[in-house]
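Coordinate-derived values only; no laboratory data. Since we're looking at a predicted model, the values are computed, not measured. In this analysis, Cβ positions are derived from the backbone assuming ideal geometry, glycine residues included, and neighbour counts consider all displayed protein chains.
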Amino acid sequence: MTKEKIQIALVTGSSRGIGKAVAQALANNKYLVYINYMSDRQAADKTLDEIRTNGGQARLLQFDVTDTASCENAVKEIITENKKIDVLVNNAGIRNDRLLAMMKKDAWQQIIDTNLNSFFNMTKPVVKQMLKNRYGRIINMASTAGQIGNAGQVNYCASKAGLIGATKALAREIANRNITVNAVSPGFIETQMTENIDIDEIVKSIPAGRLGKPEEVAAAIVFLCSNDASYINGQVIGVNGGII
């Protein structure tokens, strides 16, 4: 397959967890995937090795999604190498849970910068190129928490709710250029972010009776990237076991 025909995907925060599963799933579907990471090179290398072992194509790209210039330079590097970016998955995200009454400004700002401001940093330069090419798929990693709210997660819920609003607005702006913008909204998924919670109590609230798997979230994203999903735009796809 020539470079001109292969689809190019950038997945932020894709060295582990859901991002890793997304990168692997896209690579399995013949995308050339850029694996973004900030500091965990060992995990990123492992993801890259696993993709290549399975016959996929991937490259590492280290940058901080909270830094506007770094994001612009990363996008420029990909476009210089490939002339385009077909898929952007804004997956990078963190938690810093505490009650609002006890929350310091840094705990608020850190979450907003990583989970929401990164959307602007990444998507603006990518959209400019997608508009020129008249094609693109943008998927934002929202959360069930951003739809229903969780006590102790005001900062996290605000960041994810903001992503949902941004998804719907941007979809309206660029839909006529064959670009779709959707959000995937995971519930409780088996990742490092759920390691320190009371699983037994959480499972009681999930109709499916279990936590989700990163691969199940990745499957929804692969579908949204496909031509079969070309008329799905501005939507929030829940992957949550029926919790809402």
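Residues 86, 113, 97, 106: which one is among the charged types (D, E, K, R) and surrounded by 19 or more Cβ atoms within 10 Å (Cβ to Cβ)?
From the options 86, 113, 97, 106, the qualifying one is 86.
Restricting the search to the range 143-169, which residues are touching a helix residue (DSSP H, G or I) at 6+ places or on another chain (Cβ under 8 Å), buried (at least 22 other Cβ atoms within 10 Å of the Cβ) and under 15 Å from residue 233 (Cα atoms)?
163 - this is the single residue of the range 143-169 that is touching a helix residue (DSSP H, G or I) at 6+ places or on another chain (Cβ under 8 Å), buried (at least 22 other Cβ atoms within 10 Å of the Cβ) and under 15 Å from residue 233 (Cα atoms).
Is it the case that residue 51 is among the β-branched types (Val, Ile, Thr), part of a strand (DSSP E or B) and either in contact with a strand residue (DSSP E or B) (Cβ under 8 Å, 6 or more places away or on another chain) or buried (at least 21 other Cβ atoms within 10 Å of the Cβ) (or both)? Show your work before the answer.
On the way: among the β-branched types (Val, Ile, Thr): yes; part of a strand (DSSP E or B): no; either in contact with a strand residue (DSSP E or B) (Cβ under 8 Å, 6 or more places away or on another chain) or buried (at least 21 other Cβ atoms within 10 Å of the Cβ) (or both): yes.
It is false that residue 51 is among the β-branched types (Val, Ile, Thr), part of a strand (DSSP E or B) and either in contact with a strand residue (DSSP E or B) (Cβ under 8 Å, 6 or more places away or on another chain) or buried (at least 21 other Cβ atoms within 10 Å of the Cβ) (or both).
Considering each of 244, 206 in turn, give the residue that is of a type outside the set (D, E, K, R), over 16 Å from the mean Cα position of the chain (by Cα) and surrounded by 12 or more Cβ atoms within 10 Å (Cβ to Cβ). Let's see the steps before the verdict.
Details: 244 fails: surrounded by 12 or more Cβ atoms within 10 Å (Cβ to Cβ).
The conditions single out 206.
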